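Notes follow the structure.
The values are calculated or read from the model by the stated rules, or taken from the named source; none is laboratory data. This one's a predicted model, so the numbers in the text were calculated from it and none came from an experiment. Cβ atoms come from the backbone with ideal geometry, glycine included; neighbour counts cover every protein chain shown.
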């Protein structure tokens, strides 16, 4: 094949690849309200909220929810996500009560109700901390396909290595997508509103 024919052909194929990738990205990142990206994330759980009430998967029904996993001794990712969710609540204004947010500990050995309550007092009061027995926490961790592992440190303590994804669930409690909290809070609030 001559160079004169080969170069335009390669350019055309490259353009098709780029265009196709853009279409896949566009449609995959903009699911219709009420749609579900994956039925393999989420499932039954039963944990205790930081205020003492029992929370299960049934509590996710009725309004969109944000679910993320972390721990109170987390040095950076968890407090940053909680601060960013606090900003999203502010951006939602009068609609803020229509969103539920759950911060699920992956460190139930240390994160009891009292510690979660104290920790979350620095953030929006609508954010609910969840804890429970190690077995009950593990049930939810597995249901949400979360990676969590204890890492011992040289001082006899430990940290937790964990998934930093923030899950957006629809009004039926089904996974929609991961939530990008790096964008402006107003933009995240607009996305959340599309699931009301």
Residue 172 fails exactly one of (1) surrounded by 15 or more Cβ atoms within 10 Å (Cβ to Cβ); (2) within 17 Å of the chain's Cα centre (by Cα); (3) under 21 Å from residue 54 (Cα atoms), namely (1)
Those residues of region 77-110 which are exposed (fewer than 15 other Cβ atoms within 10 Å of the Cβ), closer than 17 Å to residue 166 by Cα and touching a helix residue (DSSP H, G or I) at 6+ places or on another chain (Cβ under 7 Å), in sequence order
none
Subset of region 43-60 [farther than 16 Å from residue 146 by Cβ and either assigned to a strand (DSSP E or B) or not assigned by TED's automatic domain parsing to the domain that holds residue 136 (or both)]:
46, 48, 49, 54, 55, 56
In region 125-147, anything surrounded by 18 or more Cβ atoms within 10 Å (Cβ to Cβ) and within 17 Å of the chain's Cα centre (by Cα) is listed as 127, 128, 129, 130, 131, 137, 140, 141, 144, 146
Looking at this structure, is residue 70 in contact (Cβ under 8 Å) with a residue 40 or more places away in the chain and either surrounded by 18 or more Cβ atoms within 10 Å (Cβ to Cβ) or more than 13 Å from residue 128 (Cα to Cα) (or both)?
yes
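Given 40, 21, 36, 2, which one is surrounded by 15 or more Cβ atoms within 10 Å (Cβ to Cβ), over 17 Å from residue 181 (Cα atoms), at pLDDT below 95 and outside the structural domain of residue 146 (by TED's automatic domain parsing)? Full working, then the answer.
Numbers: 40 fails: surrounded by 15 or more Cβ atoms within 10 Å (Cβ to Cβ); 21 fails: surrounded by 15 or more Cβ atoms within 10 Å (Cβ to Cβ); 2 fails: surrounded by 15 or more Cβ atoms within 10 Å (Cβ to Cβ).
Being surrounded by 15 or more Cβ atoms within 10 Å (Cβ to Cβ), over 17 Å from residue 181 (Cα atoms), at pLDDT below 95 and outside the structural domain of residue 146 (by TED's automatic domain parsing) holds for just one of 40, 21, 36, 2, which is 36.
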